[in-house]
Amino acid sequence: MHKNPLGVHALVWAGDLSPESTRMVMAQTRRAGFDVIELSLHGPKVMDLALTRDLAQEHGLQLSCSRGLTLDADISSEDPTCVARGMAILEEGVNITAALGGHYFGGILYGAMAKYPGPLSPAGRANATRCLQQIAELALKRNITLGLEVVNRYESNQLNTALEALDLIDRVAAPNVVVHLDTYHMNIEEADFTQPVLACGKRLGYVHIGESNRGYLGTGTIDFKQFFHALAMIDYQGVITFESFSSTVVNEVLSNTLSIWRNLWTDSMDLAIHAREFMANGLHAAAQSKGTI
Ligand code: MN
């Protein structure tokens, strides 16, 4: 059997994290059979940290946090003021994750989640590297791992492939910084679903499972069979979280940034149960047949 904790992104359930929404998110996540809830730190600051931490414990859920920076608060900028605003957001993210009892903070931590008007400059790259070194030190004190999510070219000009992430992680040289791969983005940028996983090996620390249309798993073009086999080949035992977005559930900041313009699904519970089974079955088959194909 696979040993991976399976998670779901909160935006499958709710567009905000008010106390009322958080209660529903935690209960539904548990009801659908997941082990992990991933909370996006975008959007209005309505989260009750103590309540959220208690609800996760009550439902026996591990908790991870994710976010991206913005063009006016960007550690890969050449403008020191803009870099400082980006650092403040990262520090806040680490502190929120710690307050929630979480041990993972990931996403586009190295720059803005945005379509950049040009390529990353050498000075911007140096700023991002130096800032990540500082934030990794803070995270280490809080027992938190930082995940650098590799995303497509329309959401970052810095990390579009696993190899680019590995290069940045080498330069940051901190023990608590890992690669975060997402099949939706890999489908756009990588040559296949095997080589990036093998290249990461033990430095792969978090995984997002998303379909090419960000809807129901199995309705798009992603070769999940290949990806699950690659995970089995490196004996990946970390968290695997389902990510899906539809205009049924909207967080204005995140939904608009990700260009979620249409309805891919309407029934969150049906979608989530289907996704959990899809992931569990794929991982199980890959683990059982490892070395035989
Ligand atoms: Mn993702």
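The values are calculated or read from the model by the stated rules, or taken from the named source; none is laboratory data. Quick caveat: nothing in here was measured; it's all calculated off a predicted structure. Every residue, glycine as well, gets a Cβ built from its backbone with ideal geometry; the counts of neighbours run over all protein chains shown. All accessible areas refer to the heavy atoms of the entire protein, side chains included, with ligands and DNA or RNA removed. Shrake-Rupley method; radii C 1.70, N 1.55, O 1.52, S 1.80 Å.
Observations on the model:
- Hey, A230 open to solvent by less than 30 Å² (accessible area, probe 1.4 Å), in contact with a Ser or Thr (Cβ under 6 Å, 6 or more places away or on another chain) and assigned to a helix (DSSP H, G or I) or not: yes
- Looking at I89, I75, I37, just one residue is within 21 Å of E137 (Cα to Cα), in contact (Cβ under 8 Å) with a residue 12 or more places away in the chain and in contact with a strand residue (DSSP E or B) (Cβ under 6 Å, 6 or more places away or on another chain), and that residue is I89.
- Filtered residue count, the range 124-153, keeping only those that are within 16 Å of the ligand (Cβ to nearest atom) and either in contact with a Ser or Thr (Cβ under 8 Å, 6 or more places away or on another chain) or open to solvent by less than 20 Å² (accessible area, probe 1.4 Å) (or both): 7
- If the condition is being in a helix (DSSP H, G or I) and more than 16 Å from the ligand (Cβ to nearest atom), then the range 233-254 contributes M233, E252.
- Yes/no for V207 being in contact (Cβ under 8 Å) with a residue 12 or more places away in the chain and within 16 Å of the ligand (Cβ to nearest atom): yes
- Residues in the range 190-202 that are away from the ligand (no atom under 15 Å from the Cβ) and of a type outside the set (A, V, I, L, M, F, W, C) were compared, and the one that is nearest to L138 (Cα to Cα) is K202.
- The listed residues are R67, R53, R30, R23, and the only one of them that is open to solvent by 20 Å² or more (accessible area, probe 1.4 Å), among the basic types (K, R) and in a strand (DSSP E or B) turns out to be R67.
- Consider the range 255-273 and keep the residues that are part of a helix (DSSP H, G or I) and either within 20 Å of the chain's Cα centre (by Cα) or at pLDDT below 90 (or both). The one that is nearest to M113 (Cα to Cα) is T257.
- Pairs linking a residue in the range 1-19 that is at pLDDT 90 or above to a residue that is away from the ligand (no atom under 16 Å from the Cβ) and in a strand (DSSP E or B), with Cβ atoms under 7 Å and 6 or more positions apart or on different chains, are P5/Q62.
- Subset of the range 167-189 (residues that are in contact with a strand residue (DSSP E or B) (Cβ under 9 Å, 6 or more places away or on another chain) and within 16 Å of the ligand (Cβ to nearest atom)): V178, V179, H180, L181, D182, T183, Y184, H185
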